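Q: Quick one: structure below, then a few questions.
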Amino acid sequence: MLKSITVLILVGLLSPLLSFDVNEQEGTCKPTIDFYADNLVSAEIAGQGYAGVADIGDISFSNLNPASFEIKNDAQFYYEYGIKNNVNLFSDIITDGNKTTEYKSGVSAAFAYKFSDYVRAGVIYTAKSSYSIDMGEVYNTHNGEIVETFEISEKRYINSVNVPISYVLDKFRFGIGLNLDIYHSEVNNVYTSYNNIWEGFNGELNFLLFQPKLGAIYSP
């Protein structure tokens, strides 16, 4: 049986979703929810996590390793659409609140072209990790009566454009993936003012994240 030996090298900037400190205005921008945030399955079709990183497949496999995609004919089209049900993201901690109220359908569309027997390239657009989350309500009271209500919620949208390029030479495959993530989030939350009452605030966060990825596969 043919065995594949794979070396996957991640270079460039590390995702701030996994690295920067979370503040009160961006409570969902952390790995706690990432296990459910991605609305697509193409990155996991070959196995759990990176178990399928050495497999050869269509252009969707380049999400794991840019050296792994193959084009049988001259060109290839790819489309993926997926939805998820609403869940309580922290059900092991609390029994109510923090429930996703809406998941944006995960959409991925790609085109790949075989330039020669050695070079393949493509472009992938992905709408991923997009959701709305209801974090409950907070009240200001006076003499036991509710005088003001704040609804706490967060929304996150991540779109990405990836350009994988693969070069095949005998038993070796080399690849580079040029990935750009477009991040947008909206937050409605509260903070405690000087007189211990809740004050509401809302804000947005927008940034671009460039994450190149290198990959190589050797098949003896």
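The values are calculated or read from the model by the stated rules, or taken from the named source; none is laboratory data. Note that the coordinates shown come from a computational prediction; the quantities given were computed from them, not determined experimentally. Methodologically, a virtual Cβ is constructed for each residue, glycine included, from the backbone with ideal geometry; neighbour enumeration extends over all protein chains shown.
Q: I need the full set of residues from the range 103-150 which are hydroxyl-bearing (S, T, Y) and more than 17 Å from E199 (Cβ to Cβ), in order please.
A: Y103, S105, S108, Y113, S116, Y118, Y125, T126, S129, S130, Y131, S132
Q: Return the total of residues in the range 121-156 being surrounded by fewer than 19 Cβ atoms within 10 Å (Cβ to Cβ) and of a type in the set (K, R).
A: Qualifying residue count for the region: 1.
Q: Identify the single condition in (1) within 23 Å of I71 (Cα to Cα); (2) touching a helix residue (DSSP H, G or I) at 6+ places or on another chain (Cβ under 8 Å) that Y218 does not satisfy, given that it satisfies every other one.
A: Result: Y218 passes all but (2).
Q: Further question on the same structure: As an exercise: evaluate F77 against (1) part of a strand (DSSP E or B); (2) buried (at least 16 other Cβ atoms within 10 Å of the Cβ); (3) modelled with pLDDT of 85 or more and give the number of the one condition it does not meet.
A: All conditions pass for F77, except number (2).
Q: Within the set of pairs 6 or more residues apart or between chains, which connect a residue that is without any contact (Cβ under 8 Å) to a residue 40 or more places away in the chain inside the range 129-141 to a residue that is buried (at least 18 other Cβ atoms within 10 Å of the Cβ) and not in a strand (DSSP E or B) with Cβ atoms less than 6 Å apart?
A: Once the first residue is without any contact (Cβ under 8 Å) to a residue 40 or more places away in the chain and sits in the range 129-141, no partner that is buried (at least 18 other Cβ atoms within 10 Å of the Cβ) and not in a strand (DSSP E or B) comes close enough.
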